[in-house]
Each structure stands twice: as structure tokens, then as C-alpha cells.
1. Within the stretch 86-108, find all residues whose amide N lies under 12 Å from a label point positioned 7 Å from the Cα of residue 64 along Cα-to-beta-carbon.
2. Compute the Rg to Rh ratio over the stretch 55-119 from the alpha carbon atoms, using the Kirkwood formula for Rh, and round to two decimal places.
3. Mind ordering 94-104, 42-52, 57-67 by average Cβ neighbours within 10 Å, highest first?
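Please treat every number below as a calculation from the coordinates, not as lab data. Small disclaimer: the values here were computed from a predicted structure and weren't measured. Every residue, glycine among them, receives a Cβ derived from its backbone with ideal geometry; neighbour counts consider all protein chains shown.
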């Protein structure tokens, strides 16, 4: 009998597994049934980006972590139009999953705060 070599995910591969775990959680939560696939995918990406915020110590004056995710990056990551990216973010806002705060100054991306689903 041949010995089988088992490979375990590392680094980037682990992140992709976390992505699928996030998507599974979002698909099973009945409160989130009305969110589009783009909205669920965006929320999963935001969940992953919060670890970058921790690493960069991106906190506001109230010690809350925020995410910086410019619309152009959202469009690239979702492979979608500006309108679709805005619609996905608005879905998440409407469900109470995210809150955005406009930064002072021109052309600065909004700060994005993750929240928990209402209900």
C-alpha cells in the first residue's frame, strides 16, 4: 500500500478557506437571506480585511477597529461596476452589517466599521 502525503493549507490558502467559512455562515443566517451574492461576498471580504486593520492598528478615538477599502478596490475584488459595488455596500448598511464614516478632506475613502446583524 502506498503512503499518501497529506498537505495542509498555509498562509494564502488558509485565507481562502476562511472565505468559504464566512460565506457558509452568511448563507445559513436566515436574517441575511435577502442579501445578494455580491453583498455576501463583500461582507466576507470585509471580515478578512479586519485582520489587516488589527495588524495596522487602525482604530478610532473610541478604540474601534475600522477598515479602509476604497471603492475602486471593491470594484476590482468583486469584478463589478461602480453601481454594483455601491449597491452591495448599501445592502450591508441597510442590514446593519456595516457603518461608514466619511473622512475629512477630499478624495479620502470612507472608514468602514463592521457591526453585527440586526435581529
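1. Once the point is set 7 Å along Cα→Cβ of residue 64, 97-102 turn out to lie under 12 Å by backbone N, inside the stretch 86-108.
2. In the stretch 55-119, Rg relative to Rh is 0.98.
3. Result, highest mean first: 42-52, 94-104, 57-67.
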